[in-house]
Amino acid sequence: MADFPDIPRHIAVIMDGNGRWAKERGLPRREGHRAGAESVREVTDACIDLGVDYLTLYAFSSENWNRPQAEVRALMELLDRFLLEKATDLKKQNIRLKTIGQIERLPAKTRNLLERLIEQTKDHTALTLVLALSYGAREEIVAAARWLAADAAAGTIKPEQIDCTSFAQRLQTAGIPDPDLLVRTSGEMRVSNFLLWQISYSEIVIVRKYWPDFRRQDLLDAVAEYQRRHRRFGAL
Ligand code: IPE
Ligand code: IPE
Ligand code: MG
């Protein structure tokens with residue numbers, strides 16, 4: 001399938017609806033988050049088969065810290081478990097792991113696991129899996145602005161040299177192409193502080209299913225929808 005025409009180079013996913021999936025089944029929210037890990041596996045595998053280069057998954061937002069402490073703790077535990085279980089697959093499947101977000105806010109154990117896996121997988125080439133953790137696009141943009149202001153104050157950049165390129169180089173996604181396709185599950189039509197700069201021209205596909213029900217075929221359907229779109233980038 002790798003020679004399929006017009007495969008998005010970068011797919012970004014807002015994995016939403018875990019809580020509602022669990023609620024419908026009379027289960028605690030945690031079970032929804034746990035079930036969502038299987039969807040991550042399916043989507044990652046499908047991206048490798050399709051020949052997608054970058055997959056960015058919105059796993060935890062800056063605002064998600066405002067959830068009850070028990071849910072935050074459960075999410076961090078599940079993330080640790082996911083990383084431990086995924087370690088072998090990352091090697092076997094030649095996946096490079098990256099993160100965006102305020103990683104310093106994560107528990108030390110999670111941070112250490114991430115740092116180790118990022119280092120171990122840095123030369124892998126099949127797919128770059130970017131986990132957005134404690135991520136907020138506004139915070140990312142403010143940090144880039146602060147960095148530019150400091151450079152300007154230090155005299156290493158002139159205000160008139162600040163342009164889209166120098167700005168994007170100071171975002172955490174520097175070096176990563178903008179997403180071609182943005183998928184959000186659970187039917188919500190909002191971006192919730194995700195990649196605000198980078199999705200300027202992304203094609204958006206909203207899927208009604210909750211994230212734990214999202215399967216390989218749903219990703220293939222989203223890609224097929226993307227392929228039916230006519231991207232114009234403001235031109236004709
Ligand atoms: C997405 O599912 C996972 C995270 C935001 C961590 P939710 O937890 O937002 O589930 P809903 O949207 O409340 O159903
Ligand atoms: C966005 O989902 C964040 C993640 C999927 C990690 P939320 O459930 O937090 O967003 P809102 O509250 O519906 O906007
Ligand atoms: Mg949600």
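Per this entry, residue 83 is counted among residues that are at negative phi, in contact with a Leu (Cβ under 6 Å, 6 or more places away or on another chain) and assigned to a helix (DSSP H, G or I). Scanning region 107-164 for residues that are of a type in the set (Lys, Arg) and in a helix (DSSP H, G or I), we see that the one that is nearest to residue 191 (Cα to Cα) is 138.
Here 75, 83 are screened, and the one residue that is free of Cβ contacts under 8 Å to residues at least 40 places away in the same chain and within 25 Å of residue 176 (Cβ to Cβ) is 83. Of all residues in region 208-220, those being over 27 Å from residue 172 (Cα atoms) and surrounded by 14 or more Cβ atoms within 10 Å (Cβ to Cβ) number 9. Among the conditions (1) out of contact with any helix residue (DSSP H, G or I) (no Cβ under 8 Å at 6 or more places or on another chain); (2) touching a residue at least 24 places away in the same chain (Cβ under 8 Å); (3) surrounded by 14 or more Cβ atoms within 10 Å (Cβ to Cβ), the only one that residue 127 does not satisfy is (1). Per this entry, residue 5 is counted among residues that are surrounded by fewer than 16 Cβ atoms within 10 Å (Cβ to Cβ) and modelled with pLDDT under 95.
Scanning region 200-215 for residues that are charged (D, E, K, R) and touching a helix residue (DSSP H, G or I) at 6+ places or on another chain (Cβ under 6 Å) yields 203, 215. Note on region 7-35: residues that are within 10 Å of ligand 1 (Cβ to nearest atom) and under 14 Å from the mean Cα position of the chain (by Cα) amount to 3. Using the structure shown, decide if residue 38 is in a helix (DSSP H, G or I) and either free of Cβ contacts under 8 Å to residues at least 40 places away in the same chain or not acidic (Asp, Glu) (or both). So residue 38 fails the test.
Residue selection: residue 145 satisfies the criterion of being more than 16 Å from ligand 1 (Cβ to nearest atom) and either among the hydrophobic types (A, V, I, L, M, F, W, C) or more than 14 Å from the chain's Cα centre (by Cα) (or both). Of all residues in region 197-210, those that are over 17 Å from residue 11 (Cβ atoms) and within 13 Å of ligand 2 (Cβ to nearest atom) total 1.
Among residues of region 202-218 that are in a loop (DSSP other than H, G, I, E, B), those with a Cβ under 8 angstrom from a residue that is surrounded by fewer than 17 Cβ atoms within 10 Å (Cβ to Cβ) and among the basic types (Lys, Arg), sequence gap 6+ or separate chain, pair up as 210/20. The residues of region 174-191 that are part of a loop (DSSP other than H, G, I, E, B) and either surrounded by 16 or more Cβ atoms within 10 Å (Cβ to Cβ) or at pLDDT below 95 (or both), listed by number, are 176, 178, 179, 180, 185, 186, 191. For residue 92, the conditions (1) crowded, with 16+ Cβ neighbours inside 10 Å; (2) within 23 Å of residue 216 (Cβ to Cβ); (3) of a type outside the set (Ser, Thr, Tyr) are fulfilled apart from (1).
The values are calculated or read from the model by the stated rules, or taken from the named source; none is laboratory data. Since we're looking at a predicted model, the values are computed, not measured. As a convention, Cβ positions derive from the backbone with ideal geometry for all residues, glycine included, and neighbour counts pool all protein chains shown.
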